[in-house]
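Shown next, in structure tokens, is the structure this report addresses.
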Amino acid sequence: MDLTQRSYCNRILRVDLSTGSIGTTPLPEDVMALILGGKGLGAWLLYTEQAAGVDPLGPDNHLIFHTGPLTGTTAPTAGRFGVTTKSPATGTYFDGYCGGYWGNMLKYAGYDALVITGAAQNPVMLVIDGEQVEIRAAENIWGQTISASTEKIKEKLGDGWQSLVIGPPGEAQRNLAGIFNESRALARGGVGAVMGSKKLKALAVRGKGGVRVHDKKQYERALQLAYRAVRMSGPISMLRKEGTANILEIVNIMGALPTRNFQQGQFEQSDEISGDAFRQNNWKKEYACFGCPIGCGKWTAPLEDGTVIEGPEYESIYALGSNCAIGSREAIIKLNWLCDEYGLDTISVGGVLGFVMELFERGLLSAEDLDGISPTWGNAEAALALLEKMARVEGCGEWLAQGVAAIAERFPESRQFAMHVKGLEMPAYHPSAAKGTALAYAVSERGACHLRGAPLGELFAGSADPLAIAGKPKLFRDHQADKAVWDSACLCAFPGYGMTLKELWQLVISATGFAYPTATDLEQIGERISTLARLFNVREGFSRAADTLPARNLTQPMAAGPASGQVVELAPMLDEYYRLMGWDAQGIPTREQLKELGLEKLVETQP
């Protein structure tokens, strides 16, 4: 098969920063129909090419950037790309996705993926200009913030380029560090620390090519149906109006808005930080990523100090707002800006700030431990001061920027309320008030995550009783498979509030020419990819014991709200989920299931 006629470039760019070698290899042609691209390609490359037990911050850890078959096409939100690596924060398989304009540019430069290995001796940046690829010195931008680095790259290279950069926390290899494409980010799991460990400050790319779909006439019809589904969607219209924050009020009403480090599920100032409040008072202009018909991003009006940011998004509002009992929109904007400026993950930063506030309130941390800062609940000035320490990686910020799990190791008495799974801080839905989402947090291959199939509709779409556990393992399993396919095609999740798997299937088969008879065939691809990620974690020593939740969710009943008295009954959901996935009682995929998914030989040929 000619993959260049099937919406692929059929080239993987490979760069070894230790030796300086640069080359290309073709895609694994015999397996592309099994893994599609994007998440599937990243998982395949990491599992088949990286040995077990690699230090996440060592030169042998692979940093893999990948596009999908729909990246760079005219499909809705086709600028998406991802990164796959072993996370320093969790020790697990890790993948993250980003919008913006970098992904389509990599595809136009002629590459489906970029695999970076080794580590440079001194700071460098990778410059990809189509066929011309160079490793250049980057001492002049090392130590610079995200915006300063981005501007210097633009000044040096000129127009038509897109860049990915890290800030000082990434350079210092802190677990909260992300990788930023201007206002968009690959933010979670310490991927910025992996980049920093390789002394790689930035990646700049420019491409002038295009993408050729397999059947143009069929694709154009599929495109019409996809865009019609997006236009007719009520939830998508709310995204246009209030961004991702449009759900904050309903999540609060359902008792699932994490407040004061997950001690509560409702915030008394939720109306002050809702999507409507931001729209009325702070947001002035929409932002859309490449190929996006939605425009969920929002630019703020300048604050008194001139600060203008894109956002904040719902997850950032929860993390820097209700989780810290901060009800000031202006404070949340400033905190969000500082994260974006220095390259930090807002969810994890908010998890740390809320955790530290509870530690301080309980007397387990003192102002002396925190360089004279007293972080009481709702104290925005203290939160900003602590964040500045983390951003600059100085004083207490050196260890705070390592995340909740690392902090809990310093203060063992806090482990009962250290809100993380596998080392990754919790997203913006209280597990005790949403049992399907709780299961998703527990078993997600990258740690606590709402983006790997969590059935969030149980909270705001009435798709299921959020407090029941019956049926949740199947609901999550189905959502997980679907999401793995979206991430492998490399489209944003938001068109999925209008499009179904059928519309995605029509786009995929017309673009790739792969013979998937029905839309349900994509579900098996999603299950195969999720299982592949699970195999990586099993090889790294993870099994059922790691598929758990904080004690606050398992043994401490919710004190008030609609979920009053609730804890998460995790064990029976795990048993049923494992059974549905074809895994054994310890969560390890069985030989029979691997054979059914076409993965049996992979286990025998692992590095």
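The values are calculated or read from the model by the stated rules, or taken from the named source; none is laboratory data. Predicted model only: the values in this text are computed from it and were never measured. Here Cβ is always computed from backbone atoms with ideal geometry, including for glycine, and neighbour counts include all displayed protein chains.
Of all residue pairs spaced 6 or more apart or on separate chains, those with beta-carbon atoms under 7 Å, a first member in region 1-28 that is acidic (Asp, Glu) and a second member that is part of a strand (DSSP E or B) are Asp16/Thr117. Right, Leu507: hydrophobic (A, V, I, L, M, F, W, C), surrounded by 20 or more Cβ atoms within 10 Å (Cβ to Cβ), assigned to a helix (DSSP H, G or I) and out of contact with any Cys (no Cβ under 7 Å at 6 or more places or on another chain) or not? Against the criterion (hydrophobic (A, V, I, L, M, F, W, C), surrounded by 20 or more Cβ atoms within 10 Å (Cβ to Cβ), assigned to a helix (DSSP H, G or I) and out of contact with any Cys (no Cβ under 7 Å at 6 or more places or on another chain)), Leu507 qualifies.
Taking helices (runs of 4 or more DSSP H) as the structural unit, those lying wholly within region 403-489 and holding at least 2 residues that are among the aromatic types (Phe, Trp, Tyr) correspond to 472-489. Of the helices (runs of 4 or more DSSP H) lying entirely inside region 1-115, not one contains at least 2 residues that are over 24 Å from the mean Cα position of the chain (by Cα), surrounded by fewer than 24 Cβ atoms within 10 Å (Cβ to Cβ) and polar (S, T, N, Q). For the subset of region 487-537 comprising residues that are among the hydrophobic types (A, V, I, L, M, F, W, C) and within 21 Å of Glu49 (Cβ to Cβ), which member is nearest to the chain's Cα centre (by Cα)? The qualifying residue nearest to the chain's Cα centre (by Cα) is Cys490. Which residues, counting only those in region 421-478, are within 23 Å of Asn323 (Cβ to Cβ), buried (at least 24 other Cβ atoms within 10 Å of the Cβ) and among the aromatic types (Phe, Trp, Tyr)? Once the filter is applied, which keeps residues that are within 23 Å of Asn323 (Cβ to Cβ), buried (at least 24 other Cβ atoms within 10 Å of the Cβ) and among the aromatic types (Phe, Trp, Tyr), region 421-478 yields Tyr429, Tyr441.
Taken over region 135-172, the criterion of being part of a strand (DSSP E or B) and without any contact (Cβ under 8 Å) to a residue 24 or more places away in the chain is satisfied by Arg136, Ala137.
Being in contact with a Pro (Cβ under 7 Å, 6 or more places away or on another chain) and in contact (Cβ under 8 Å) with a residue 12 or more places away in the chain holds for only one residue in Ile332, Ile309, and it is Ile332.
Would you confirm, using the coordinates I've provided, whether Asn122 is touching a residue at least 60 places away in the same chain (Cβ under 8 Å) and part of a helix (DSSP H, G or I)? Answer is no for this residue.
Rundown of residues vs (1) of a type in the set (Phe, Trp, Tyr); (2) in the same structural domain as Gly265 (by TED's automatic domain parsing); (3) farther than 20 Å from Pro572 by Cα, yes/no style:
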site: Gln402; (1), (2), (3): no, yes, yes
site: Arg446; (1), (2), (3): no, no, yes
site: Pro455; (1), (2), (3): no, no, no
site: Phe460; (1), (2), (3): yes, no, yes
site: Ala464; (1), (2), (3): no, no, no
site: Gly471; (1), (2), (3): no, no, no
site: Arg477; (1), (2), (3): no, no, no
site: Ala484; (1), (2), (3): no, no, yes
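Of all the residues in region 164-183, those that are surrounded by fewer than 24 Cβ atoms within 10 Å (Cβ to Cβ) and among the hydrophobic types (A, V, I, L, M, F, W, C) number 1.
Filtered by the rule that a residue be under 18 Å from Asn323 (Cα atoms), in a loop (DSSP other than H, G, I, E, B) and within 24 Å of the chain's Cα centre (by Cα), region 364-402 gives a lone residue, Ala401.
Among the residues of region 412-451, just one is free of Cβ contacts under 8 Å to residues at least 40 places away in the same chain and touching a Lys or Arg at 6+ places or on another chain (Cβ under 7 Å), namely Ser444. Considering region 510-521, the residues that are free of Cβ contacts under 8 Å to residues at least 40 places away in the same chain and not in a loop (DSSP other than H, G, I, E, B) include one that is surrounded by the fewest Cβ atoms within 10 Å (Cβ to Cβ), namely Thr520. Only a single item in (1) without any contact (Cβ under 8 Å) to a residue 60 or more places away in the chain; (2) over 22 Å from Met105 (Cα atoms) is not met by Leu176, and it is number (1).
Is it the case that some residue within region 389-399 is over 22 Å from Val194 (Cβ atoms), buried (at least 22 other Cβ atoms within 10 Å of the Cβ) and in contact with a strand residue (DSSP E or B) (Cβ under 7 Å, 6 or more places away or on another chain)? Within region 389-399, not a single residue is over 22 Å from Val194 (Cβ atoms), buried (at least 22 other Cβ atoms within 10 Å of the Cβ) and in contact with a strand residue (DSSP E or B) (Cβ under 7 Å, 6 or more places away or on another chain). I'd like to check something: does region 567-574 contain any residue that is assigned to a helix (DSSP H, G or I), more than 30 Å from Thr259 (Cβ to Cβ) and in the same structural domain as Arg452 (by TED's automatic domain parsing)? No, because not a single residue in region 567-574 is assigned to a helix (DSSP H, G or I), more than 30 Å from Thr259 (Cβ to Cβ) and in the same structural domain as Arg452 (by TED's automatic domain parsing). For region 308-339, the set of residues classified as at pLDDT below 95, within 19 Å of the chain's Cα centre (by Cα) and surrounded by fewer than 24 Cβ atoms within 10 Å (Cβ to Cβ) consists of Glu310 only. Taken together, Ser274, Ser237, Ser233, Ser270 contain a single residue that is closer than 26 Å to Leu459 by Cβ, among the hydroxyl-bearing types (Ser, Thr, Tyr) and touching a residue at least 60 places away in the same chain (Cβ under 8 Å), which is Ser233.
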